[in-house]
There are 2 protein chains.
Amino acid sequence: MIRIRTIKEALESKELEPESELELFSRNLDLSAVIPGVKETIAGVKKRGDAALLEYTEKFDRVRLKDKAIEVELEEIEAAKMSVDDDTFRSIEASATAIRNFHYRQKRRGAWLEEFSPGVFLGEKYVPFDVVGAYVPKGYFSSALMCVIPAKIAKVREIVVCTPPGKDGHADQVTLVAADLAGATRIFKIGGAQAIAALAFGTETVPRVQKVVGPGNIYVTAAKIALREEGIEIDFPAGPSEVLIIADETANPEFIAADMLAQAEHGESSQAVLLTDSERIAADVEREILATADGKRLKAKGEGNDEDISQLQSQYQHQHWILTGASIDECIEFANKYAPEHLEIIVRSPLEVLKSIKNAGSVFIGNYSPVAAGDYATGANHVLPTAGYAKLFSGLDVDHFMHRITLQWLDKEGLRQIKNVVVRSCKVEGMEAHARSVEKRFLHESQERQQ
Amino acid sequence: MIRIRTIKEALESKELEPESELELFSRNLDLSAVIPGVKETIAGVKKRGDAALLEYTEKFDRVRLKDKAIEVELEEIEAAKMSVDDDTFRSIEASATAIRNFHYRQKRRGAWLEEFSPGVFLGEKYVPFDVVGAYVPKGYFSSALMCVIPAKIAKVREIVVCTPPGKDGHADQVTLVAADLAGATRIFKIGGAQAIAALAFGTETVPRVQKVVGPGNIYVTAAKIALREEGIEIDFPAGPSEVLIIADETANPEFIAADMLAQAEHGESSQAVLLTDSERIAADVEREILATADGKRLKAKGEGNDEDISQLQSQYQHQHWILTGASIDECIEFANKYAPEHLEIIVRSPLEVLKSIKNAGSVFIGNYSPVAAGDYATGANHVLPTAGYAKLFSGLDVDHFMHRITLQWLDKEGLRQIKNVVVRSCKVEGMEAHARSVEKRFLHESQERQQ
């Protein structure tokens, strides 16, 4: 379904107010229905460990793991490497290289110490987490690259991947190859909320981790949120994928329609929203999306086979919104309120628009930056906050796998310089022993002077 | 009470195992007793707004706010400025300047865009949060500086401070001056869990914020953790303050004892732990701490009046641990496991030790870097993770008030270069429409070539 409104109508309509938590702004991210079941799964894994993992895998993934082997063996990884075709292997390598390049650039390095005033040295030291977990949805090898590579660059010692088994009891082979290439140290054939719980508490075979990252379905997200209460950190809650496009008359409506349809491929909860100040673009994009339902025309143009077309026909039923605004400024205001995971800016002066963008996961600029390029191959991370969380969170990056220690090193003259400020402050706050701990360092000296 | 053990005994003793969540590692951070009450307070504020705030302030702070004025008026701030003495004012200014200098150095700036491969530009843009809240415990003006200054440097638009009223219905004057000087935009006379709830949900007068930072007592911490479930972000959970000191024979035992006693000033849940490879240091520090109980000796040395001494006598009853190790390496291992908020390293080669430190909030190096100096005047932040959370979190800084948007800008040649990798990846993951969104950009071209 394509819904067409003006931005003003959309904002004024009760249906769209964020307070009413209706569709457009709420993104259908209502976890309440799944939380009781997820909590039960979590409790089961916490209590019964591996036995619960095997049981839930049989129940939810409908597969009995051979020899009860939860962990992927080295032999399975080697077999996967041999069975993956060369083109795919090279493609994984190319993506991994691009991801490495971008994330190396992001990384804050080592330690620094600088003299801020005479004798007062301050600094920082960055430290990687020791053990982290990455959740990779079944068959999404690209998410294995996106989660594991930043952890590797941060120098995390143990990088544990969980990914659901297929009906044959094996993990997806391309995912195994990608996870291994990226630097995963252990891989488990476990999915869903049970995987997140296993990482959070540890089991007989799965190690307990400090942080769980990665995209996942509604069960995975609910489990991640529930486990924050248990002292396990997560990257951020992730809901269905979404794209918002700001376009003016310089945009190519065919490209926009293609990107909106691609978004719908993520499932029926995924939203694709076009904001434009051009009635022509709005009309052309609508026509283009509708045209994909017209199999004959598509076929005549040689753009797809029967299967492709029937898939597209179902996709265009998804949540597509076309909102027209009086100006690009109005589009920007709406975009900041919506805080999209993916934001495409296809306008004459994109950097002007970018200046005013406050909330988005990743921004794609111009007619030749489709979201799909960033999903796989530009090198930027595709694990991004959805459902409006881009107001609060940044996408996955090296920082997620490190923490910072501040450093303070004063010599006697440095401490002497700030002594009066410290002592005065201590007295104001009633911290006498704090004051004494500083004065103590100069006590013998003042006694010497008195003599 | 001073407890003296070897590190080995401490680690081997069941009493100290982290699993048993006993004293030394658990830091007495058990919130379960206060959570039901805190949840009730939160529900009250969510439902009844300002009316609940006034009611809880009367109940918990035992004061009826004059004219039901929850917000601090400009006149009150001006009056506070006039009543604070010059020395204190200058002291606040000096602290603020040092804090600004360090946090400016930390800040990641603006936006960048670089060409990673021909035609593929990637970058980042940093954006401040729009509205944040800072909790400042009653009378701790220094925490107002530590919370507000980084937010100001991040360029947060609205910085809302909550601090409890005194018995006279006014907020602490020095705190008002510090918050104002630091750049707070609004200040409210509300404390405890009710303040955190007000910031999380907003009330008729208190604005709703995106993130709540700052130290607080057990009620404040419990409220912060509970409210994460409501989509409000927090800096990190904070429990009682603590110090761990690694010292060898080059350390001055008098200074160590003074720092351990200062730590105890934070309350009876605060821990001070000395780790040393020197039996002599262990014995000297113990003697020095015990000597503070000997009023006559202290007085003879001119180190304090009667009141000071009686206060010290009660402080030395607190949780002091002296643990001796066979080597400094053993001390380091223990320290990483403990993950102290404050870590003092007073050894011959401190940078050698620092290399192996993985978990700490802030590190203080050498005989002249007491924690008290960092609490007020070096410029580093004193809002730090406690209770072992230094394994996961960094102390408060400018990053806490910003989020990052990644940028991707490809031209046609850039997209062409990675097209095959994207399309191959799409096919492997079964994302046909994603592949089509890239191929679409080159469709007319290939049709032209075919003709």
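The values are calculated or read from the model by the stated rules, or taken from the named source; none is laboratory data. This is a predicted model, so every value here is computed, not measured. In this analysis, Cβ positions are derived from the backbone assuming ideal geometry, glycine residues included, and neighbour counts consider all displayed protein chains. Each accessible area value is taken on the protein alone, full model and side chains, heavy atoms only, with ligands, DNA and RNA left out. Shrake-Rupley method; radii C 1.70, N 1.55, O 1.52, S 1.80 Å.
Figures for the structure shown
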read-out: Subset of the range B:192-234 [in a loop (DSSP other than H, G, I, E, B) and under 18 Å from residue B:49 (Cβ atoms)]; value: B:202, B:203, B:204, B:205, B:206, B:207, B:208, B:209, B:230, B:232
read-out: Tally of residues being more than 20 Å from residue A:130 (Cα to Cα) and open to solvent by less than 50 Å² (accessible area, probe 1.4 Å) across the range B:349-367; value: 5
read-out: Neighbours by Cβ (under 8 Å, 6+ apart or cross-chain): first from the range B:108-136, farther than 30 Å from residue B:186 by Cα; second in a loop (DSSP other than H, G, I, E, B) and among the β-branched types (Val, Ile, Thr); value: B:116/A:378; B:120/A:378; B:122/A:378
read-out: Candidate set: the range B:378-399, residues that are more than 7 Å from chain A (Cβ to nearest Cβ) and hydrophobic (A, V, I, L, M, F, W, C); chosen: the one farthest from residue B:270 (Cα to Cα); value: B:398
read-out: Condition check for residue B:237: within 14 Å of chain A (Cβ to nearest Cβ) and of a type outside the set (A, V, I, L, M); value: yes
read-out: Number of positions in the range B:124-137 that are more than 19 Å from residue B:209 (Cα to Cα) and either open to solvent by less than 20 Å² (accessible area, probe 1.4 Å) or more than 10 Å from chain A (Cβ to nearest Cβ) (or both); value: 1
read-out: Scan of the range B:254-278 for residues that are without any contact (Cβ under 8 Å) to a residue 60 or more places away in the chain and more than 8 Å from every other protein chain (Cβ to nearest Cβ), ordered by number; value: B:257, B:266, B:267, B:268, B:270, B:272, B:274, B:276, B:277, B:278
read-out: Selection status of residue A:168, of a type outside the set (Lys, Arg), modelled with pLDDT under 95 and either surrounded by 24 or more Cβ atoms within 10 Å (Cβ to Cβ) or more than 27 Å from the chain's Cα centre (by Cα) (or both); value: yes
read-out: The range B:171-186, residues that are aliphatic (A, V, I, L, M), within 23 Å of residue B:397 (Cα to Cα) and open to solvent by less than 10 Å² (accessible area, probe 1.4 Å); value: B:176, B:177, B:178, B:179, B:182
read-out: Criterion: surrounded by fewer than 22 Cβ atoms within 10 Å (Cβ to Cβ) and at the interface with chain A (Cβ under 7 Å from one of its Cβ atoms) - qualifying residue of B:419, B:412, B:427; value: B:412
read-out: Qualifying residue in the range B:394-412 (condition: part of a helix (DSSP H, G or I) and β-branched (Val, Ile, Thr)); value: yes
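Residue-wise test of (1) closer than 15 Å to residue A:366 by Cβ; (2) assigned by TED's automatic domain parsing to the domain that holds residue A:277.
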position: A:226; (1), (2): no, no
position: A:246; (1), (2): yes, yes
position: A:249; (1), (2): yes, yes
position: A:261; (1), (2): no, yes
position: A:264; (1), (2): no, yes
